[in-house]
Each structure stands twice: as structure tokens, then as C-alpha cells.
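K.L.:
Okay, handing you the structure first.
The values are calculated or read from the model by the stated rules, or taken from the named source; none is laboratory data. None of these values were measured; they are calculated from a predicted model. Glycine also receives a Cβ, built like all others from the backbone with ideal geometry; neighbour counts cover every protein chain displayed. Just the protein is used for accessible areas: all its heavy atoms, side chains included, with ligands, DNA and RNA removed. Shrake-Rupley method; radii C 1.70, N 1.55, O 1.52, S 1.80 Å.
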Amino acid sequence: MQQFDVVVVGGGMAGASAAIAIKKVSPQAKIAVIEAFAPKGKQHPSFDDRSIALAAQSVAFLGALNLFNPEWQYVEPITQVNVSDRGHFGKAWINPQDYNQKALGYVVEVNPYGSFLHEQLNSLDIALFCPNQVAHIHQQPEQVELTLDNGEQLQSRLLVVADGAQSPTRAKLNIGFDSIGYEQGALIANVQIDTAHRGQAFERFTEHGPMALLPMSDNRYSLVWCMPNEHLSEFEAMAAHEFLAALQQAFGYRAGRFVQVGMRASYPLVLGRVEQLTHHRVVVIGNAAHAIHPIAGQGFNLGLRDIQVLTSQCQANVLDEWGSYQFTRAYQQARAQDINTVMTLTDALVRLFSNSSRTLALGRSLGLLTMALSKTARAPLAKQLMGYKG
């Protein structure tokens, strides 16, 4: 039986980042990652590469570990966020200069960044079991014993569950996940405009759900278009020119003229949280721990803050204490409030702006107008977008 200090289940963005961050701050630790799907290796950048938004606070954390470089060709800064409410007068602009930041955040293409993370796993001597899955889990007083689908057995002081929203590992541990479905789904695609986007991002609220555009390289935007579930298949099946016309009509011309759209995909939107963030010698992080609406682009950033706290716990404790009751309890206490705050805020924004009430619409417009006129009024939303508390 191979012995480790930490075993991370899930080698995606959250799992790989967690393993690397812990190894960087605790080089003496023996770490393993279990990933069910073999990576495809280096791929030529595609028009359709999916992207994530990294808040300024996330960038600072990753940069300190040499896990982020704003000069990478698959990274684009967010130099301004434009917030508007379709059909109403309220608008607001959030600029990083008001908060002494170079950028509010950065948009990173997932495929090349994922390849970079897996190169880091190899260079840091982190054991990678891939493609493998966890077949059995046996929690002992001083360790967790894992049996993989190929019969290999691992033992660890601490088990980190990071295998996504449908986490099979979470299910094997009998940890419940409470979720409420929105009557919305998200359609995602990359679109190109006919002018330079200059790093501007857009959050556009409509009566049917929010729309977001995040700047990417080559004058592309990563589009997240939230709409009633019954409309998703219709918009996915549209011919490209029909889709672009519908998008232009719904969004307007503030970002420019949409001239190309790539592959479209969709997924249901839910608000969900694991029943307990920790178990005996186990912590649950990332999408395995919480699911939020993409309205403010905070999903992966919330997972990175899980990793920051977990990393700090590892630094603050000797190896023998990793995974102990005190260790997992401190992690749970440190994460609970932030997760509650972000989930409550994103859910409130969805319900406030996906509403046709005239009274609420007037209140929204006045609120956005106040934000446009006052740096102080913009500050709470700006700090949330940048990943800072306050």
C-alpha cells in the first residue's frame, strides 16, 4: 500500500491547483492526484476553447506561487466591467484604477492552462494516477485507505475531494449535496466582434436572465447567456447567422457587431452546497462543495479560496496533524462565511434582475445609477468581483 500525506481526487482545475499549491508551500509532503480522464496533451489553441475568469485576488494568490503570468498568450485582462439592465436606464462602469488595480481580473483559456498545471504536477514529483477512479474508501482513525479501480491501494492522512459537481467520491462518503434548480440554463459559446474589445467585460441583465461577455484573445468574447430552460435547445440548434442576429437583438451594440460564433453548449443552473465541508480526514473543495450561478463569474474563484485556506492549514500544522479533527474543523470554520456570502449574493442578484416587476426595475435602475455616480457605492460589487471581502 502506497502512503501519502495528501491524496486529491480530481485532476481538473481545482484538484490540480490544490495539489500544486500544497506541494509548493510544503515541499516535504507526499502528494498524489487521482484523475478519471487521461489528459489530451497539448492542443493547438481553438476558437472554441472554454475560459474562466480569475478575480484579482485569485491572480495574486496564483502569481505568488508562480502559477499565473498575465503575459501568457491565452490570458486577457479585464480592464472594465459594464453593467446594464436591458430596457431600463440604469448603467454602471467598474474600473480597476478606482481600486489601485491594473485589472479587475483576467480571462484564462482552460485547455492551455490545464496543460500548464499538468506539467507542474509532473515537475513537482506529485504522483498522478490516471486514468483511475476510486473504487472503495475506508476511513481509519489515523488515515484514509483508498482502493482504485485497477486494484492499487493508497493510504493518506488527508483526502481532498475535488472531482466536480457530480462527485462520485462525495457519494461514496455518503456526504449529501443540497441543491435548488433555477428555471434557467446557461448557453455558452465564444463569439467574435468586428472591433477591438480593449479588455471590456459586460454584464447585461434581461427579463429572462443575465448575459455576460468576457474578453478573450483575437477580439473574441466568452459568452454566457442565461435563459429559461425551454429555450436552450432552440438557441443551440440555430444556424450561426440566426444565433448572431438573436444575440445582437438581445444584447445590443455596446460591445460591437457580432460576426462569428463557435460551438454552443448548455447546462442547467443550480444553487447548491455540500451538507458538510469536511468529514473524517476529508475536506471537500471546488464544485464538489458548492454550485453557484455564473452571474458574477465567481465559481472557480470560490474554489481557489477553498485552496488558499487549505494551503494555509497545511502550513500551520505539522504533517502528523494533517487531516486531524482540529485540522478539518478549522478548515470548515474558515470557509463557511465566505461560501455563504457568495452564494447569498449571487442568488439575490439572479432573483432581483430576473424579474419583470416595474417597481423592482425602477429600484434596479436607481441602484445602478447611484453606482455610476459614486465610487463608494460601486465598491462592494467591485470588491466582490475582484475576490476581496468587504
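K.L.:
Compute and list, largest first, the equivalent-ellipsoid semi-axes of segment 281-330 from the alpha carbon gyration tensor, each √(5λ) rounded to a whole angstrom. Working shown, then result.
P.N.:
Values: eigenvalues 130, 23, 8 Å².
So the equivalent ellipsoid measures 26, 11, 6 Å along its semi-axes.
K.L.:
Taking the Cα centroid of segment 1-75 and of segment 116-138, what is the distance between the two, rounded to the nearest whole Å?
P.N.:
11
K.L.:
I would also like to ask the following. Using only the Cα atoms of segment 244-329, what are the Rg and Dmax in Å?
P.N.:
Rg and Dmax of segment 244-329, Cα atoms, are 20.0, 60 Å.
K.L.:
In degrees, nearest 10, range 0 to 90: what is the angle between the Cα axis of helix 240-251 and the longest Cα principal axis of the chain?
P.N.:
That helix lies at roughly 80 degrees to the long axis.
K.L.:
Please compute the Kirkwood hydrodynamic radius of segment 172-259 from all pairs of different C-alpha atoms, in Å with one decimal. Could the numbers behind the result be given before it?
P.N.:
Values: mean 1/r = 0.0700 Å⁻¹.
One over the average 1/r among Cα pairs gives 14.3 Å for segment 172-259.
K.L.:
OK, next. Rank Phe37, Phe243 by accessible area, highest first, at a 1.4 Å probe radius? Let's see the in-between values first.
P.N.:
Working: Phe37 155, Phe243 0 Å².
These residues rank, largest area first, as Phe37, Phe243.
K.L.:
Leaving ligands, DNA and RNA out of it, rank Glu35, Glu183, Glu152 by accessible area with a 1.4 Å probe, largest first.
P.N.:
Details: Glu35 30, Glu183 160, Glu152 65 Å².
Of Glu35, Glu183, Glu152, the descending order of accessible area is Glu183, Glu152, Glu35.
K.L.:
For segment 40-193, report the convex hull volume of the alpha-carbon atoms normalised per residue, in Å³, without decimals. Intermediate results must be reported in sequence, preceding the final value.
P.N.:
Numbers: hull volume 32.6 nm³, N = 154.
For segment 40-193, the hull spanned by Cα atoms encloses 211 Å³ per residue.
K.L.:
Most fluctuating residue of Gly303, Gly11, Gly63 in a GNM of the chain with Cα springs under 10 Å: which is it?
P.N.:
Of Gly303, Gly11, Gly63, the most mobile in the Gaussian network model is Gly63.
K.L.:
Which FRET efficiency value, to the nearest 0.05, is calculated for Ala240 and Asp338 with the Förster distance at 41 angstrom and r the Cβ-Cβ distance?
P.N.:
Numbers: r = 41 Å, r/R0 = 0.99.
With a Förster radius of 41 Å, E is 0.50.
K.L.:
Let me ask another. Figure the gain on full extension for Asp125 and Ser312 (residue separation times 0.36 nm, minus the Cα-Cα span) and round it to one decimal in nm.
P.N.:
Numbers: separation 187, 0.36 × 187 = 67.32 nm, distance 2.09 nm.
Answer, rounded to one decimal: 65.2 nm.
K.L.:
Which whole-number percentage describes the relative contact order of the chain, with Cα contacts under 8 Å and a sequence gap of 6 or more? Don't skip to the end; give the middle numbers.
P.N.:
Details: 803 pairs, mean separation 85.4, N = 390.
Normalised by residue count, the contact order of the chain is 22 percent.
K.L.:
Nearest 0.05, what FRET efficiency do Lys172 and Ser324 give at R0 = 25 Å with Cβ-Cβ as r? Let's see the in-between values first.
P.N.:
Working: r = 22 Å, r/R0 = 0.86.
With R0 = 25 Å, the Cβ-Cβ based efficiency is 0.70.
K.L.:
Could you give the radius of gyration (one decimal) and Dmax (whole number) of the Cα atoms in the chain, in Å?
P.N.:
Cα radius of gyration and Dmax of the chain are 21.3, 65 Å respectively.
K.L.:
Also: Ignoring ligands, DNA and RNA, how do Ser312, Ser84 rank by accessible area with a 1.4 Å probe, largest first? Kindly include the intermediate steps, with their values, before the conclusion.
P.N.:
Working: Ser312 60, Ser84 5 Å².
Largest accessible area first, the residues go Ser312, Ser84.
K.L.:
Also: Skip the ligands, DNA and RNA, and give the accessible area per residue of the chain with a 1.4 Å probe, whole Å².
P.N.:
That works out to 44 Å² for each residue.
K.L.:
A further question on this structure: For all pairs of alpha-carbon atoms in segment 106-198, what percent lies in each bin of width 10 Å, listed from the first bin to the last filled one?
P.N.:
11, 28, 29, 21, 8, 3, 0
K.L.:
On C-alpha positions alone, give me the angle between the axis of helix 358-373 and the longest principal axis of the chain, in degrees, nearest 10.
P.N.:
Helix 358-373 sits at roughly 80 degrees to that axis.
K.L.:
Take the solvent-accessible surface of the protein heavy atoms, probe 1.4 Å, and return the percent of it on segment 245-338 that carbon and sulfur atoms account for.
P.N.:
Numbers: 1820 of 3710 Å².
Using a 1.4 Å probe with all protein chains present, segment 245-338 comes out at 49 percent carbon and sulfur.
K.L.:
Using Cα atoms only, what is the angle between the long axis of helix 299-316 and the major principal axis of the chain, expressed in degrees (0 to 90) to the nearest 10?
P.N.:
Compared with the principal axis, the helix lies near 30 degrees.
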